[in-house]
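The values are calculated or read from the model by the stated rules, or taken from the named source; none is laboratory data. What you are looking at is a predicted structure, and each value in this text was computed from that prediction instead of being measured. Positions of Cβ are backbone-derived with ideal geometry, glycine not excepted, and every protein chain shown enters the neighbour counts. For accessibility, only protein heavy atoms count, side chains too; no ligands or nucleic acids. Shrake-Rupley method; radii C 1.70, N 1.55, O 1.52, S 1.80 Å.
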Amino acid sequence: MNALHIHIGMPKTGTSLIQAVLAGMRKTFATNKIWIPPTFIGAHRLAVEATPRDSKLHERSDFVHIKAVMSLEQALAESQPPSPDFHTAVMSSEYFSLSSPRLLREILCSHDLVTPDTTIVAVLRRQDRIMVSGFNQSVKAINRTQPLVWNSHAQGRLDWYALLAPWAEEFGRAAVKVQVFDRMAAGRESLTSRVLDACGITYDLGQIVAAEDIHSKSENRSLPAELLAFKFVANAVTKMRELNWLIKEAIDRGIGNGTYKLDAETTRRIIEYYRASNRRVATEYLGESGDLFDDRIDPATHTTLDVQMETLSRILAICGTEVERLRTVFARAEKLAAASAPAEFDRIVQLEWLLRRAMAAGVAGGRYRLPKALAQEIVEYYKSSNLAVARRFLKEDALLSDDVIEDAQASAGLDVNVMAQLVAVLAAEIGELRRRAGQRTATQRSSPVSDITESPATADPTHRLAEDRLFGKSGAAGCDHERQ
């Protein structure tokens, strides 16, 4: 093997799309003696192995899963071309951006995978944009509950010059090839073709663009602001993937509008904070004298995450429709088994069950009290009578109780965030019923009901969204570059 090309991301720069295109064209590249591994889990595994042992990243669920599904030996074997006829190999993983270049080089060298012509390809995106896109994805996929806050002291990982320096030290500055995601997006360029250009790999542009167009239609997109607000609140009372079915259904039905971004002032601060570092990247890796990124501040319809009642009502309508559909499914299955009506629905329609489930999940809320003015009026009205009771029966010259009037934590109306969490709890239970429905179908093959875990919208392939890729952090969408 003469050349090894390592695409290190960054996350939210089209990495998943690029990997999907490369995987789909494996045979074409193999004809030209270019090795694309059968999966990209192997590259993820190498990146995790090359992450310093004392890093808290190893505690993350995705890191744990990567190590569980593939051993290091399997990852190395998968990365190695099957025969000497292959002159080039390509690895791609956004996890490489989190790993130690020194440790990775040691691992690769121990298995003769490093070549004199090793290339490191890094696709960079303006820091504020990658923050917002990453926040959206983590709320959607891994149940993030912490708000998006920028703190310059904690954002060293977004200093692109500092991040590229160790790669240049290990592999040589000339080996580090930088591509700017924002420029490709603005020019509606093919992301995959630009990465292949950096690797010096020839390709058929028409095939690449066609493949990107296909994969972009099933790509893991960011949530609209109103749906993001619901998911953010719901994450506090649900587990990962419990609401996947609901979010897919909501997107399919066009629920939720707007774009969530940082406010303009914060965006400007971030741009200025990284300007000098970004200019050094432009100078040393691209040979340019200007800024690495544009200064445009895109308009945002939402800079806060406030749950809208209209959005919540439409989500609740989906839940109601799904309950009715599942009721029919269970009824058919039970009828075929000559059993009584399904008991699973006895509790889902009871408000008492829902409240118990919500309290167990920690749904936020306050204690209801009378309005303060009314409470004060009542205390004053009975004060003399209560004092007379204390003097006559308790021989005390004091009130029966204090006259402290506490502020009410909740009004007579239901807080929209609490209501959102109640809906989320209900949706999580519906998701469990969908799982049970699938199990029943598997054991009752004679049932006329097929694909019962698919609702009408998701069963239609023209409306189906791709499942969240376990490690898909990309916001790319082929030639459609208006990404979140």
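Structure values in brief
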read-out	value
1.4 Å probe accessible area per residue over segment 19-76, in Å²	47 Å²
Whether segment 1-143 is rounded, prolate or oblate, judged on the alpha carbon gyration tensor where a/c under 1.5 counts as rounded	prolate
Karplus-derived 3J(HN,Hα), 6.51/-1.76/1.60, for each residue of segment 274-286, Hz, glycine and proline x	9, 4, 5, 5, 5, 5, 5, 4, 4, 6, 7, 10, 10
Cβ-Cβ FRET estimate between E406 and S385, R0 fixed at 25 Å, reported to 0.05	0.65
Rg over Rh, two decimals, segment 134-189 (C-alpha only, Kirkwood Rh)	1.09
Under-5 Å amide H pairs with Y260, H placed in peptide plane, nonlocal only	A225
17 Å Cα-Cα reach of K67 towards lysines, excluding residues that sit fewer than 8 places from it in its own chain	K56
Additional length obtainable on full extension of the chain from I142 to L72, 0.36 nm per residue less Cα span	22.7 nm
³J(HN,Hα) computed for each position of segment 38-43 - Karplus, 6.51 cos²θ - 1.76 cosθ + 1.60, integer Hz, glycine/proline x	x, 9, 9, 4, x, 5
Rounded Å value of the spacing that divides the Cα centres of segment 3-75 and segment 93-135	10 Å
Dimensionless Rg/Rh of segment 221-301 - Kirkwood Rh, Rg from C-alpha atoms	1.17
Electrostatic dipole magnitude of segment 113-234 [Cβ: Lys, Arg +1; Asp, Glu -1; Cα centre; debye, to 20]	440 debye
Assigned charges on the beta-carbon of Lys, Arg, Asp, Glu; segment 1-95 dipole about Cα centre (debye)	180 debye
Per-q log10 I(q)/I(0), segment 105-228, q = 0.13, 0.14, 0.21, 0.23 Å⁻¹ (Debye; single scatterer per alpha-carbon; no solvent)	-0.77, -0.88, -1.27, -1.30
Percent carbon-and-sulfur accessible area, segment 150-243, ignoring ligands, DNA and RNA, probe 1.4 Å	51 percent
Solvent-accessible area, 1.4 Å probe, carbon plus sulfur percent, for segment 1-94	56 percent
J(HN,Hα) series, segment 88-102, from Karplus relation 6.51 cos²θ - 1.76 cosθ + 1.60, nearest Hz, glycine and proline x	9, 10, 10, 10, 9, 6, 5, 5, 4, 5, 9, 8, 8, x, 5
Interchain or long-range residues, amide H under 5 Å from T118's placed H	L4
All lysines inside 21 Å of K140 as judged from Cα atoms, apart from same-chain residues fewer than 8 positions distant	K12, K217, K231, K239, K248, K261, K473
Amide proton proximity set for H7, modelled H, under 5 Å, gap of 5+	M91, S92, S93, V121
C319, C109, reordered so the largest accessible area comes first (probe 1.4 Å)	C109, C319
Charge tally in the Cβ shell below 13 Å around A420, where Lys, Arg are +1 and Asp, Glu are -1, A420 excluded	-2
Spatial separation of Cα centroids for segment 210-277 and segment 281-303, in angstrom	22 Å
Rounded FRET efficiency, nearest 0.05, which uses the C-beta distance separating D197 from D62 and R0 of 22 Å	0.15
